[in-house]
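Step one of this worksheet: look at the structure below.
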Amino acid sequence: MKLATLKDGRNGRLVVVSRDLTRCHDAGDVAATLQAALDDWSGIGPALQALATDLESDAKGDAFDQSVCESPLPRAYQWADGSAYVNHVELVRKARGAEMPQSFWTEPLMYQGGSDSFLGPRDDIPIGDEAWGIDFEAEVAVITDDVPMGVSSDDAGQHIQLIMLVNDVSLRHLIPGELGKGFGFFQSKPSSAFSPVAVTPDELGDAWQDNKVHLPLLSTLNDQLFGKPEAGIDMTFDFGKLLAHAAKTRPLVAGSIIGSGTVSNKLDGGMGKPIADGGVGYSCIAEMRTIETIQSGSPQTSFMRFGDRIRIEMRDADDESIFGVIDQTVVHYTG
């Protein structure tokens, strides 16, 4: 089934969405919000599925408008973003002449992001200064039910209840100073935005295997296709491993969101290439700038500026949108 949250107060209003993303049905009689549903997923999930089944068999329902959606969880108890595509990490470190610790291949990096104020998938991205190095990051994310502390990676997958896309906005020029203090990201990671729709794993069919999504993730920057890497390729740590890592020393509560990190593919075992050069492109500007730095000594592509627009989407084998479209414009925040 597919679920969305419409703008309505601070926590939004939960609706069930048709597979073709054209119609929706209010889920208020079952659960007012997605968080309420996740808090009792074993009991409420089947009732939501029944609504979804009825919606598919009945032409009734309201028109579904992605532009009035919040992120599926407008705010969450937890948002932790991994770095499952180690190729991305390796390239970024190589560009600045840093060695790649061997542990990066055996244990994922992960940071805990702000989850109290997610942007809607069609909301503008307000940023105070272009000089901060504005970048998008196209990723896949999962939402969990209650995950016990110490869960194994083999068992963690059963706690994945929903899947969605995310634009993990980054301010690249603020990152080095924050990491240099030895205490992680904060100001360099403003509010993220998630896809209009979150879907249960069964909606992906054969594209959901081994706790990975095996489909291209499309990023379009200012109406030019910027990246189409395959999300199931070069994912060193699947979502089961990411969840097990996050739950090593504490449980994860229902409604926790775990991200994949920037989706990144190698090309013939080496660095990727822009789409114009026959590659699959990139899921963030920083990776393209990294390739340019490695090849020519300096980056050629600028970070985002006010007025720039980013679209992030994933389409199925029939070229139908699965999660809807994240479509955002960077604007100057003046307070």
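The values are calculated or read from the model by the stated rules, or taken from the named source; none is laboratory data. What you see is a predicted model, and the numbers here were worked out from it, not measured in a lab. Here the Cβ positions follow ideal geometry from the backbone for every residue, glycine too, while neighbour counts run over all protein chains shown. The area values use the complete protein model at the heavy-atom level, side chains included, leaving out ligands, DNA and RNA. Shrake-Rupley method; radii C 1.70, N 1.55, O 1.52, S 1.80 Å.
Conditions (1) in a helix (DSSP H, G or I); (2) surrounded by fewer than 21 Cβ atoms within 10 Å (Cβ to Cβ), marked per residue:
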position	(1), (2)
276	yes, yes
283	no, no
291	yes, no
300	no, yes
328	no, no
331	no, yes
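Does the range 118-136 contain any residue that is open to solvent by less than 50 Å² (accessible area, probe 1.4 Å) and in contact with a helix residue (DSSP H, G or I) (Cβ under 6 Å, 6 or more places away or on another chain)?
yes
Residues being among the small types (Gly, Ala, Ser) and surrounded by 13 or more Cβ atoms within 10 Å (Cβ to Cβ): count how many of those fall in the range 165-183.
Number satisfying all stated conditions: 1.
Quick one: count up the residues across the range 48-92 that are open to solvent by 40 Å² or more (accessible area, probe 1.4 Å), closer than 16 Å to residue 162 by Cα and in a helix (DSSP H, G or I).
1
Of all residues in the range 165-202, how many are of a type outside the set (S, T, N, Q) and touching an Asp or Glu at 6+ places or on another chain (Cβ under 8 Å)?
Counting residues in the range 165-202 that are of a type outside the set (S, T, N, Q) and touching an Asp or Glu at 6+ places or on another chain (Cβ under 8 Å) gives 11.
Just give me the residues in the range 219-261 being open to solvent by 40 Å² or more (accessible area, probe 1.4 Å) and of a type in the set (A, V, I, L, M), in sequence order.
Scanning the range 219-261 gives 225, 233, 253.
What number goes with the only condition from (1) surrounded by fewer than 16 Cβ atoms within 10 Å (Cβ to Cβ); (2) part of a loop (DSSP other than H, G, I, E, B); (3) in contact (Cβ under 8 Å) with a residue 24 or more places away in the chain that residue 324 does not pass?
Of the numbered conditions (1) surrounded by fewer than 16 Cβ atoms within 10 Å (Cβ to Cβ); (2) part of a loop (DSSP other than H, G, I, E, B); (3) in contact (Cβ under 8 Å) with a residue 24 or more places away in the chain, the odd one out for residue 324 is (1).
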